[in-house]
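Notes follow the structure.
The values are calculated or read from the model by the stated rules, or taken from the named source; none is laboratory data. Note that the structure is predicted; figures quoted are calculated from it, not measured. Every residue, glycine among them, receives a Cβ derived from its backbone with ideal geometry; neighbour counts consider all protein chains shown.
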Amino acid sequence: MNNKLWSGRFKETTNKLVEEFTASIPFDWKLYKYDIAGSIAHARMLAKKGITKKAEAGKIVKGLKTIEKEIDSGKFRFSIEDEDIHMAVERRLISLIGDTGKKLHTARSRNDQVSLDIRLYLRDEIKGIISLIKKFQGALILLAKKNINLIMPGYTHLQQAQPILFSHHLLAYYEMFKRDKERLEDCYKRTDVMPLGSGALAGTTFPIDRGYVARQLGFDNVTNNSLDAVSDRDFVIEFLAASSIMMMHFSRMSEELIIWSTSEFGFIELPDAFCTGSSMMPQKKNPDVAELVRGKTGRIYGNLLSLLVLMKGLPLSYNRDMQEDKEPLFDTVDTLKAALMIYTEMIKGIKISRNRIQSAMADGLILATDVADYLVKKAVPFRTAHEIVGRIVRYCLDKGRPLNKLALSEWKGFSSKFDSDILKMITIEKVVEKRDHIGGTSKKQVLKRIREIEDL
Ligand code: ARG
(Lines give C-alpha, C1' and ligand atoms only; values in the text may rest on other atoms or scores of the structure.)
Protein backbone atom coordinates (compact mmCIF):
# COMPACT_ATOMS: atom_id res chain seq x y z
CA MET A 1 0.00 0.00 0.00
CA ASN A 2 1.28 3.39 -0.96
CA ASN A 3 0.06 5.95 1.52
CA LYS A 4 2.08 9.00 0.55
CA LEU A 5 0.16 12.27 0.47
CA TRP A 6 1.09 12.55 -3.21
CA SER A 7 0.62 8.90 -4.18
CA GLY A 8 -2.51 9.20 -6.36
CA ARG A 9 -0.80 8.81 -9.74
CA PHE A 10 1.62 6.08 -8.62
CA LYS A 11 1.19 2.35 -9.09
CA GLU A 12 4.25 1.21 -7.17
CA THR A 13 5.38 2.11 -3.70
CA THR A 14 8.59 4.08 -3.26
CA ASN A 15 11.78 2.06 -3.20
CA LYS A 16 13.14 2.02 0.37
CA LEU A 17 16.54 3.31 -0.70
CA VAL A 18 14.89 6.12 -2.60
CA GLU A 19 12.81 6.98 0.41
CA GLU A 20 15.98 7.35 2.49
CA PHE A 21 17.80 9.14 -0.27
CA THR A 22 15.15 11.74 -0.95
CA ALA A 23 14.03 12.46 2.60
CA SER A 24 14.96 15.76 4.21
CA ILE A 25 13.12 15.10 7.46
CA PRO A 26 16.33 14.04 9.29
CA PHE A 27 17.46 17.67 9.11
CA ASP A 28 14.53 19.88 8.08
CA TRP A 29 12.48 18.90 11.16
CA LYS A 30 14.36 21.86 12.67
CA LEU A 31 12.03 24.12 10.72
CA TYR A 32 8.88 22.84 12.43
CA LYS A 33 8.03 26.01 14.33
CA TYR A 34 8.31 28.07 11.18
CA ASP A 35 6.41 25.52 9.13
CA ILE A 36 3.57 25.57 11.63
CA ALA A 37 3.55 29.38 11.96
CA GLY A 38 3.37 29.64 8.16
CA SER A 39 0.54 27.10 7.98
CA ILE A 40 -1.45 28.91 10.66
CA ALA A 41 -1.16 32.20 8.76
CA HIS A 42 -2.11 30.44 5.53
CA ALA A 43 -5.12 28.69 7.10
CA ARG A 44 -6.41 31.98 8.52
CA MET A 45 -6.05 33.64 5.14
CA LEU A 46 -7.97 30.81 3.44
CA ALA A 47 -10.87 31.38 5.84
CA LYS A 48 -10.71 35.16 5.59
CA LYS A 49 -11.06 34.90 1.82
CA GLY A 50 -13.87 32.37 2.06
CA ILE A 51 -11.74 29.63 0.46
CA THR A 52 -12.40 27.50 3.53
CA LYS A 53 -14.97 27.94 6.28
CA LYS A 54 -14.03 29.82 9.44
CA ALA A 55 -14.78 26.77 11.57
CA GLU A 56 -12.50 24.65 9.38
CA ALA A 57 -9.64 27.13 9.77
CA GLY A 58 -10.28 27.13 13.51
CA LYS A 59 -9.90 23.35 13.62
CA ILE A 60 -6.79 23.44 11.47
CA VAL A 61 -5.15 26.11 13.64
CA LYS A 62 -5.97 24.21 16.80
CA GLY A 63 -4.58 21.00 15.30
CA LEU A 64 -1.39 22.74 14.23
CA LYS A 65 -0.87 24.13 17.71
CA THR A 66 -1.30 20.65 19.15
CA ILE A 67 1.31 19.33 16.73
CA GLU A 68 3.71 22.07 17.77
CA LYS A 69 3.32 21.04 21.39
CA GLU A 70 3.87 17.39 20.46
CA ILE A 71 7.11 18.25 18.70
CA ASP A 72 8.23 20.63 21.48
CA SER A 73 7.79 17.92 24.07
CA GLY A 74 9.48 15.22 22.00
CA LYS A 75 6.29 13.17 21.71
CA PHE A 76 6.00 13.55 17.95
CA ARG A 77 7.19 10.53 15.95
CA PHE A 78 9.16 11.65 12.91
CA SER A 79 9.26 9.09 10.16
CA ILE A 80 11.40 8.86 7.06
CA GLU A 81 8.24 7.98 5.10
CA ASP A 82 7.03 11.52 5.64
CA GLU A 83 9.86 12.77 3.45
CA ASP A 84 10.01 16.26 4.90
CA ILE A 85 8.75 18.45 7.71
CA HIS A 86 5.91 19.83 5.57
CA MET A 87 4.48 16.36 4.94
CA ALA A 88 5.07 15.26 8.51
CA VAL A 89 3.02 18.12 9.90
CA GLU A 90 0.28 17.74 7.31
CA ARG A 91 -0.04 14.01 7.83
CA ARG A 92 -0.31 14.44 11.58
CA LEU A 93 -2.88 17.19 11.10
CA ILE A 94 -5.04 14.86 9.02
CA SER A 95 -4.69 12.10 11.58
CA LEU A 96 -5.67 14.55 14.33
CA ILE A 97 -8.64 16.39 12.74
CA GLY A 98 -9.58 14.20 9.81
CA ASP A 99 -10.64 15.44 6.37
CA THR A 100 -10.61 19.12 7.32
CA GLY A 101 -6.86 18.76 7.62
CA LYS A 102 -6.75 17.91 3.93
CA LYS A 103 -7.84 21.47 3.12
CA LEU A 104 -4.75 23.16 4.53
CA HIS A 105 -2.66 22.67 1.42
CA THR A 106 -5.20 24.52 -0.78
CA ALA A 107 -3.51 27.25 -2.84
CA ARG A 108 -0.08 26.25 -1.62
CA SER A 109 2.84 24.08 -2.69
CA ARG A 110 5.78 22.75 -0.77
CA ASN A 111 7.85 24.88 -3.09
CA ASP A 112 6.59 28.18 -1.74
CA GLN A 113 6.20 26.63 1.72
CA VAL A 114 9.86 25.61 2.02
CA SER A 115 11.00 29.03 0.87
CA LEU A 116 8.79 30.61 3.54
CA ASP A 117 10.12 28.28 6.23
CA ILE A 118 13.76 29.04 5.42
CA ARG A 119 13.07 32.76 5.35
CA LEU A 120 11.32 32.67 8.72
CA TYR A 121 14.14 30.57 10.18
CA LEU A 122 16.88 32.75 8.76
CA ARG A 123 15.21 35.97 9.87
CA ASP A 124 15.30 34.74 13.47
CA GLU A 125 18.83 33.42 13.18
CA ILE A 126 20.16 36.63 11.66
CA LYS A 127 18.65 38.61 14.52
CA GLY A 128 20.17 36.21 17.03
CA ILE A 129 23.58 36.32 15.37
CA ILE A 130 23.53 40.12 15.28
CA SER A 131 22.91 40.24 19.00
CA LEU A 132 25.76 37.75 19.57
CA ILE A 133 28.06 39.94 17.46
CA LYS A 134 27.17 42.91 19.67
CA LYS A 135 28.07 40.94 22.78
CA PHE A 136 31.36 39.87 21.28
CA GLN A 137 32.12 43.45 20.30
CA GLY A 138 31.28 44.48 23.86
CA ALA A 139 33.89 42.03 25.16
CA LEU A 140 36.48 43.44 22.73
CA ILE A 141 35.76 46.98 23.89
CA LEU A 142 36.00 45.95 27.53
CA LEU A 143 39.42 44.38 26.98
CA ALA A 144 40.52 47.45 25.01
CA LYS A 145 39.47 49.77 27.83
CA LYS A 146 41.15 47.68 30.50
CA ASN A 147 44.47 47.79 28.64
CA ILE A 148 44.30 51.29 27.24
CA ASN A 149 47.88 52.13 28.24
CA LEU A 150 49.49 49.00 26.86
CA ILE A 151 51.75 49.48 23.85
CA MET A 152 52.67 46.53 21.68
CA PRO A 153 54.63 45.99 18.50
CA GLY A 154 52.51 46.38 15.38
CA TYR A 155 53.41 44.05 12.52
CA THR A 156 53.57 43.90 8.77
CA HIS A 157 54.88 40.69 7.17
CA LEU A 158 54.79 39.40 10.75
CA GLN A 159 57.91 41.53 11.31
CA GLN A 160 57.90 44.29 13.88
CA ALA A 161 56.91 47.50 12.14
CA GLN A 162 55.72 50.32 14.40
CA PRO A 163 54.44 50.49 17.97
CA ILE A 164 50.67 50.62 18.45
CA LEU A 165 48.23 50.52 21.31
CA PHE A 166 47.08 47.00 22.12
CA SER A 167 43.59 48.52 22.26
CA HIS A 168 44.00 49.82 18.73
CA HIS A 169 44.76 46.29 17.60
CA LEU A 170 41.63 45.00 19.35
CA LEU A 171 39.51 47.74 17.84
CA ALA A 172 40.65 46.65 14.39
CA TYR A 173 38.60 43.51 15.06
CA TYR A 174 35.73 45.59 16.35
CA GLU A 175 35.62 47.32 12.96
CA MET A 176 35.72 44.02 11.04
CA PHE A 177 32.80 42.64 13.03
CA LYS A 178 30.94 45.91 12.60
CA ARG A 179 31.08 45.43 8.85
CA ASP A 180 30.03 41.80 9.30
CA LYS A 181 27.02 42.96 11.26
CA GLU A 182 26.13 45.47 8.55
CA ARG A 183 26.37 42.77 5.88
CA LEU A 184 23.92 40.64 7.85
CA GLU A 185 21.56 43.56 8.34
CA ASP A 186 21.60 44.06 4.61
CA CYS A 187 21.03 40.38 3.90
CA TYR A 188 18.11 40.50 6.33
CA LYS A 189 16.27 42.90 4.00
CA ARG A 190 16.26 40.34 1.21
CA THR A 191 15.38 37.50 3.55
CA ASP A 192 12.42 39.42 4.94
CA VAL A 193 10.16 38.91 1.89
CA MET A 194 7.08 36.68 1.95
CA PRO A 195 6.93 34.04 -0.84
CA LEU A 196 3.67 32.20 -0.03
CA GLY A 197 1.11 32.44 -2.81
CA SER A 198 3.70 31.57 -5.46
CA GLY A 199 2.39 28.01 -5.39
CA ALA A 200 4.49 25.42 -7.17
CA LEU A 201 5.74 28.02 -9.64
CA ALA A 202 2.89 29.88 -11.31
CA GLY A 203 0.86 31.23 -8.42
CA THR A 204 -2.71 30.11 -7.80
CA THR A 205 -6.19 30.59 -9.17
CA PHE A 206 -7.66 31.05 -5.68
CA PRO A 207 -8.44 34.61 -4.53
CA ILE A 208 -5.65 34.71 -1.95
CA ASP A 209 -4.57 37.69 0.16
CA ARG A 210 -0.79 37.64 0.27
CA GLY A 211 -0.56 40.88 2.22
CA TYR A 212 -2.63 39.37 5.01
CA VAL A 213 -0.33 36.36 5.25
CA ALA A 214 2.70 38.68 5.21
CA ARG A 215 1.31 40.89 7.97
CA GLN A 216 0.52 37.93 10.20
CA LEU A 217 4.10 36.73 9.89
CA GLY A 218 5.67 40.16 10.28
CA PHE A 219 6.99 40.51 6.72
CA ASP A 220 7.25 43.98 5.21
CA ASN A 221 7.12 42.79 1.61
CA VAL A 222 5.88 39.97 -0.60
CA THR A 223 7.82 38.48 -3.52
CA ASN A 224 7.08 39.95 -6.96
CA ASN A 225 7.49 36.95 -9.21
CA SER A 226 6.22 33.47 -8.44
CA LEU A 227 8.88 31.69 -10.52
CA ASP A 228 11.67 33.64 -8.87
CA ALA A 229 10.13 33.18 -5.44
CA VAL A 230 10.20 29.37 -5.52
CA SER A 231 13.65 29.14 -7.05
CA ASP A 232 15.49 31.96 -5.30
CA ARG A 233 18.14 31.03 -2.75
CA ASP A 234 20.15 34.25 -3.14
CA PHE A 235 19.33 35.28 0.39
CA VAL A 236 20.82 32.04 1.72
CA ILE A 237 23.92 32.48 -0.41
CA GLU A 238 24.29 36.07 0.80
CA PHE A 239 24.04 34.87 4.36
CA LEU A 240 26.66 32.18 3.73
CA ALA A 241 28.92 34.75 2.08
CA ALA A 242 28.57 37.21 4.95
CA SER A 243 29.21 34.34 7.36
CA SER A 244 32.30 33.25 5.44
CA ILE A 245 33.73 36.74 5.68
CA MET A 246 32.98 36.81 9.39
CA MET A 247 34.67 33.44 9.88
CA MET A 248 37.67 34.76 7.93
CA HIS A 249 37.90 37.52 10.53
CA PHE A 250 37.59 34.99 13.33
CA SER A 251 40.24 32.87 11.71
CA ARG A 252 42.70 35.76 11.50
CA MET A 253 42.06 36.59 15.11
CA SER A 254 42.53 32.94 16.03
CA GLU A 255 45.85 32.87 14.24
CA GLU A 256 47.03 35.86 16.25
CA LEU A 257 45.89 34.40 19.55
CA ILE A 258 47.70 31.18 18.68
CA ILE A 259 50.93 33.00 17.81
CA TRP A 260 50.71 35.33 20.80
CA SER A 261 50.30 32.42 23.18
CA THR A 262 53.38 30.51 21.99
CA SER A 263 56.34 30.41 24.38
CA GLU A 264 58.30 32.32 21.73
CA PHE A 265 55.90 35.29 21.84
CA GLY A 266 54.35 34.83 25.26
CA PHE A 267 52.22 37.97 24.85
CA ILE A 268 49.09 36.37 26.24
CA GLU A 269 47.87 33.35 28.11
CA LEU A 270 44.53 31.87 27.12
CA PRO A 271 42.24 30.83 29.97
CA ASP A 272 42.68 27.17 31.01
CA ALA A 273 38.99 26.50 30.53
CA PHE A 274 39.40 27.17 26.83
CA CYS A 275 42.49 25.05 26.20
CA THR A 276 43.33 21.38 26.38
CA GLY A 277 46.39 19.39 27.32
CA SER A 278 48.35 16.78 25.43
CA SER A 279 47.94 13.09 26.22
CA MET A 280 51.70 12.67 25.81
CA MET A 281 53.50 15.91 26.56
CA PRO A 282 52.77 17.10 30.10
CA GLN A 283 53.91 20.69 29.53
CA LYS A 284 51.45 21.38 26.75
CA LYS A 285 48.52 23.75 26.85
CA ASN A 286 46.98 23.86 23.42
CA PRO A 287 44.87 26.70 22.00
CA ASP A 288 42.25 24.30 20.61
CA VAL A 289 39.35 26.72 20.48
CA ALA A 290 41.30 29.15 18.34
CA GLU A 291 42.62 26.30 16.19
CA LEU A 292 39.15 24.86 15.67
CA VAL A 293 37.62 28.20 14.82
CA ARG A 294 40.39 28.61 12.26
CA GLY A 295 39.74 25.07 11.05
CA LYS A 296 35.97 25.39 10.90
CA THR A 297 36.41 28.43 8.67
CA GLY A 298 37.23 25.99 5.89
CA ARG A 299 33.90 24.26 6.39
CA ILE A 300 32.04 27.54 6.34
CA TYR A 301 33.68 28.47 3.03
CA GLY A 302 32.72 25.00 1.81
CA ASN A 303 29.08 25.65 2.70
CA LEU A 304 29.08 28.82 0.61
CA LEU A 305 30.70 27.00 -2.29
CA SER A 306 28.19 24.14 -1.98
CA LEU A 307 25.30 26.48 -2.50
CA LEU A 308 26.90 28.47 -5.28
CA VAL A 309 27.61 25.26 -7.17
CA LEU A 310 24.24 23.78 -6.26
CA MET A 311 22.39 26.69 -7.84
CA LYS A 312 24.54 27.47 -10.84
CA GLY A 313 23.03 25.10 -13.38
CA LEU A 314 19.43 25.02 -12.27
CA PRO A 315 16.76 25.93 -14.79
CA LEU A 316 13.73 27.78 -13.42
CA SER A 317 11.94 27.15 -11.27
CA TYR A 318 12.11 24.79 -8.26
CA ASN A 319 14.33 21.73 -8.62
CA ARG A 320 14.76 19.05 -6.01
CA ASP A 321 18.48 19.81 -5.92
CA MET A 322 17.52 22.80 -3.83
CA GLN A 323 16.69 20.58 -0.89
CA GLU A 324 20.47 20.45 -0.46
CA ASP A 325 20.42 24.07 0.68
CA LYS A 326 19.50 23.28 4.26
CA GLU A 327 22.41 21.33 5.75
CA PRO A 328 25.06 23.87 4.72
CA LEU A 329 22.83 26.67 6.01
CA PHE A 330 22.12 25.01 9.35
CA ASP A 331 25.76 24.09 9.76
CA THR A 332 26.91 27.65 9.13
CA VAL A 333 24.33 29.09 11.53
CA ASP A 334 25.30 26.66 14.29
CA THR A 335 29.05 27.08 13.79
CA LEU A 336 28.88 30.85 13.67
CA LYS A 337 26.79 31.07 16.82
CA ALA A 338 29.12 28.71 18.66
CA ALA A 339 32.20 30.68 17.57
CA LEU A 340 30.65 33.97 18.67
CA MET A 341 29.58 32.66 22.06
CA ILE A 342 32.82 30.89 22.84
CA TYR A 343 35.01 33.81 21.75
CA THR A 344 32.99 36.28 23.80
CA GLU A 345 33.71 34.19 26.89
CA MET A 346 37.27 33.28 25.98
CA ILE A 347 38.59 36.79 25.42
CA LYS A 348 37.22 37.88 28.79
CA GLY A 349 39.70 35.46 30.38
CA ILE A 350 42.83 36.31 28.39
CA LYS A 351 45.85 37.14 30.58
CA ILE A 352 48.19 39.68 29.10
CA SER A 353 51.91 39.65 29.79
CA ARG A 354 52.91 43.31 29.69
CA ASN A 355 56.53 42.42 30.37
CA ARG A 356 56.82 40.10 27.42
CA ILE A 357 55.11 42.60 25.14
CA GLN A 358 57.38 45.41 26.26
CA SER A 359 60.58 43.40 26.15
CA ALA A 360 59.73 42.32 22.60
CA MET A 361 60.48 45.93 21.62
CA ALA A 362 63.64 46.27 23.73
CA ASP A 363 65.98 46.79 20.78
CA GLY A 364 64.04 49.96 19.92
CA LEU A 365 64.31 49.27 16.20
CA ILE A 366 60.56 49.57 15.94
CA LEU A 367 61.15 53.34 16.29
CA ALA A 368 63.18 53.59 13.09
CA THR A 369 60.41 55.18 11.00
CA ASP A 370 60.01 57.86 13.61
CA VAL A 371 63.72 58.67 13.51
CA ALA A 372 63.43 59.11 9.74
CA ASP A 373 60.35 61.33 10.23
CA TYR A 374 62.34 63.35 12.79
CA LEU A 375 64.97 64.11 10.17
CA VAL A 376 62.32 64.94 7.57
CA LYS A 377 60.86 67.48 9.96
CA LYS A 378 64.37 69.00 10.06
CA ALA A 379 64.30 69.44 6.28
CA VAL A 380 66.11 66.23 5.28
CA PRO A 381 64.44 64.69 2.20
CA PHE A 382 62.66 61.46 3.16
CA ARG A 383 64.81 59.19 0.95
CA THR A 384 67.99 60.60 2.48
CA ALA A 385 66.57 60.26 5.98
CA HIS A 386 65.61 56.66 5.25
CA GLU A 387 69.18 55.90 4.24
CA ILE A 388 70.70 57.57 7.28
CA VAL A 389 68.39 55.67 9.60
CA GLY A 390 69.19 52.46 7.74
CA ARG A 391 72.83 52.99 8.70
CA ILE A 392 71.84 53.69 12.31
CA VAL A 393 69.89 50.42 12.41
CA ARG A 394 72.89 48.56 11.04
CA TYR A 395 75.05 50.19 13.73
CA CYS A 396 72.63 49.18 16.48
CA LEU A 397 72.54 45.61 15.24
CA ASP A 398 76.32 45.36 14.94
CA LYS A 399 77.01 46.91 18.34
CA GLY A 400 74.05 45.36 20.11
CA ARG A 401 72.83 48.84 21.08
CA PRO A 402 69.12 49.61 21.54
CA LEU A 403 68.07 52.37 19.15
CA ASN A 404 66.22 54.26 21.85
CA LYS A 405 69.24 54.22 24.17
CA LEU A 406 71.80 55.85 21.85
CA ALA A 407 73.73 58.81 23.26
CA LEU A 408 73.43 62.20 21.59
CA SER A 409 77.04 61.87 20.38
CA GLU A 410 76.14 58.63 18.63
CA TRP A 411 73.13 60.24 16.93
CA LYS A 412 75.24 63.19 15.84
CA GLY A 413 77.77 60.82 14.31
CA PHE A 414 75.13 59.99 11.67
CA SER A 415 73.77 63.46 11.00
CA SER A 416 74.35 66.95 12.27
CA LYS A 417 70.57 67.44 12.21
CA PHE A 418 70.16 65.37 15.35
CA ASP A 419 69.67 67.53 18.41
CA SER A 420 69.11 66.85 22.08
CA ASP A 421 65.31 66.70 21.44
CA ILE A 422 65.85 63.33 19.73
CA LEU A 423 66.30 61.78 23.16
CA LYS A 424 62.80 62.86 24.18
CA MET A 425 61.12 62.18 20.84
CA ILE A 426 62.26 58.66 20.28
CA THR A 427 60.41 56.75 22.92
CA ILE A 428 57.78 54.11 22.39
CA GLU A 429 55.19 56.20 24.26
CA LYS A 430 55.89 59.40 22.34
CA VAL A 431 55.63 57.94 18.89
CA VAL A 432 52.29 56.31 19.68
CA GLU A 433 50.96 59.49 21.23
CA LYS A 434 51.95 61.45 18.12
CA ARG A 435 49.80 59.39 15.77
CA ASP A 436 46.95 61.60 16.70
CA HIS A 437 44.53 61.71 13.78
CA ILE A 438 41.25 59.97 12.96
CA GLY A 439 42.03 56.27 12.68
CA GLY A 440 45.40 56.70 14.43
CA THR A 441 46.73 54.77 17.39
CA SER A 442 47.21 57.57 19.95
CA LYS A 443 45.43 56.99 23.23
CA LYS A 444 43.36 60.10 22.63
CA GLN A 445 42.10 58.79 19.28
CA VAL A 446 41.49 55.27 20.53
CA LEU A 447 39.52 56.56 23.50
CA LYS A 448 37.57 58.82 21.18
CA ARG A 449 36.67 55.85 18.99
CA ILE A 450 35.66 53.83 22.05
CA ARG A 451 33.36 56.67 23.12
CA GLU A 452 31.84 56.86 19.65
CA ILE A 453 31.25 53.13 19.71
CA GLU A 454 29.68 53.27 23.13
CA ASP A 455 27.34 56.02 21.97
CA LEU A 456 26.18 53.96 18.97
N1 ARG B 1 11.86 18.93 1.05
C2 ARG B 1 11.80 19.82 -0.06
C3 ARG B 1 12.93 20.83 0.05
O4 ARG B 1 13.51 20.90 1.06
C5 ARG B 1 10.50 20.57 -0.06
C6 ARG B 1 9.99 20.93 -1.40
C7 ARG B 1 9.73 19.74 -2.20
N8 ARG B 1 8.96 20.01 -3.35
C9 ARG B 1 8.71 19.06 -4.21
N10 ARG B 1 7.95 19.37 -5.17
N11 ARG B 1 9.20 17.86 -4.12
O12 ARG B 1 13.25 21.55 -0.87
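Filtered by the rule that a residue be loosely packed, with under 14 Cβ neighbours inside 10 Å and within 41 Å of the chain's Cα centre (by Cα), region 399-447 gives E429, D436, H437, I438, G439, K444. For region 327-359, name all the residues that are surrounded by fewer than 17 Cβ atoms within 10 Å (Cβ to Cβ) and part of a loop (DSSP other than H, G, I, E, B). Within region 327-359, G349, S353 meet the criteria. Checked against (1) closer than 24 Å to E238 by Cα; (2) surrounded by fewer than 17 Cβ atoms within 10 Å (Cβ to Cβ); (3) not hydroxyl-bearing (S, T, Y), D272 passes all but condition (1).
When G390, G349, G364 are screened for being on the phi > 0 side of the Ramachandran plot and either more than 16 Å from the ligand (Cβ to nearest atom) or of a type in the set (F, W, Y) (or both), only G364 passes.
Evaluate the following for S115: is it within 16 Å of the ligand (Cβ to nearest atom) and either part of a helix (DSSP H, G or I) or over 18 Å from L217 (Cα atoms) (or both)? Yes: the conditions hold for S115.
Pairing residues of region 310-327 that are farther than 13 Å from N111 by Cβ and within 12 Å of the ligand (Cβ to nearest atom) with residues that are part of a loop (DSSP other than H, G, I, E, B) and polar (S, T, N, Q), at Cβ distances under 8 Å and at least 6 apart in sequence or on separate chains, gives K326/S24. Restricting attention to region 349-378, the residues being without any contact (Cβ under 8 Å) to a residue 12 or more places away in the chain and farther than 21 Å from T262 by Cα number 2. From the list G154, G74, G101, the lone residue that is of a type outside the set (K, R), in contact with a strand residue (DSSP E or B) (Cβ under 8 Å, 6 or more places away or on another chain) and over 30 Å from D186 (Cα atoms) is G154. Just one of the listed residues (L170, L132) is more than 28 Å from S231 (Cβ to Cβ), surrounded by fewer than 20 Cβ atoms within 10 Å (Cβ to Cβ) and of a type in the set (A, V, I, L, M), and it is L132. Considering region 69-102, and only residues there that are on the phi < 0 side of the Ramachandran plot and of a type in the set (G, A, S), the residue that is farthest from the ligand (Cβ to nearest atom) turns out to be S73. Hey, does region 159-177 have a residue that's within 20 Å of L240 (Cβ to Cβ) and either within 16 Å of the ligand (Cβ to nearest atom) or at pLDDT 95 or above (or both)? So far as region 159-177 goes, yes, one or more of its residues are within 20 Å of L240 (Cβ to Cβ) and either within 16 Å of the ligand (Cβ to nearest atom) or at pLDDT 95 or above (or both). Among K30, K11, K62, which is the only one that is assigned to a helix (DSSP H, G or I) and either more than 16 Å from the ligand (Cβ to nearest atom) or free of Cβ contacts under 8 Å to residues at least 12 places away in the same chain (or both)? Sole residue among the options that is assigned to a helix (DSSP H, G or I) and either more than 16 Å from the ligand (Cβ to nearest atom) or free of Cβ contacts under 8 Å to residues at least 12 places away in the same chain (or both): K62. Selection of region 155-179 for residues being within 16 Å of R449 (Cβ to Cβ) and not aromatic (F, W, Y) yields I164, L165, S167, H168, H169, L170, L171, A172, E175, M176, K178, R179. Do you know which residues across region 414-442 are assigned to a loop (DSSP other than H, G, I, E, B) and in contact with a strand residue (DSSP E or B) (Cβ under 9 Å, 6 or more places away or on another chain)? The answer is R435, T441, S442.
Can you tell me which residue among S359, S353, S420 is under 27 Å from M176 (Cα atoms) and small (G, A, S)? That would be S353, the only listed residue that is under 27 Å from M176 (Cα atoms) and small (G, A, S).
Being of a type in the set (F, W, Y), away from the ligand (no atom under 16 Å from the Cβ), closer than 24 Å to D124 by Cα and surrounded by 15 or more Cβ atoms within 10 Å (Cβ to Cβ) is not true of F267.
Among the residues of region 103-112, write down those that are basic (K, R) and within 16 Å of the ligand (Cβ to nearest atom).
Residues satisfying the conditions are R108, R110.
Exactly one residue among S306, S317, S353 is hydroxyl-bearing (S, T, Y) and touching a Ser or Thr at 6+ places or on another chain (Cβ under 9 Å), and that residue is S317. When the test is whether a residue is over 12 Å from the mean Cα position of the chain (by Cα), surrounded by 20 or more Cβ atoms within 10 Å (Cβ to Cβ) and more than 30 Å from S115 (Cα to Cα), M281 does not pass it.
Taking only region 257-306 into account, find how many residues are in a helix (DSSP H, G or I) and either in contact (Cβ under 8 Å) with a residue 40 or more places away in the chain or not charged (D, E, K, R) (or both).
22
Number of residues in region 118-129 that are surrounded by fewer than 19 Cβ atoms within 10 Å (Cβ to Cβ) and either among the polar types (S, T, N, Q) or within 16 Å of the ligand (Cβ to nearest atom) (or both) equals 0.
Looking at E256, E324, E238, can you tell me which residue is over 18 Å from the mean Cα position of the chain (by Cα) and either among the aliphatic types (A, V, I, L, M) or under 28 Å from L31 (Cα atoms) (or both)? The match here is E324.
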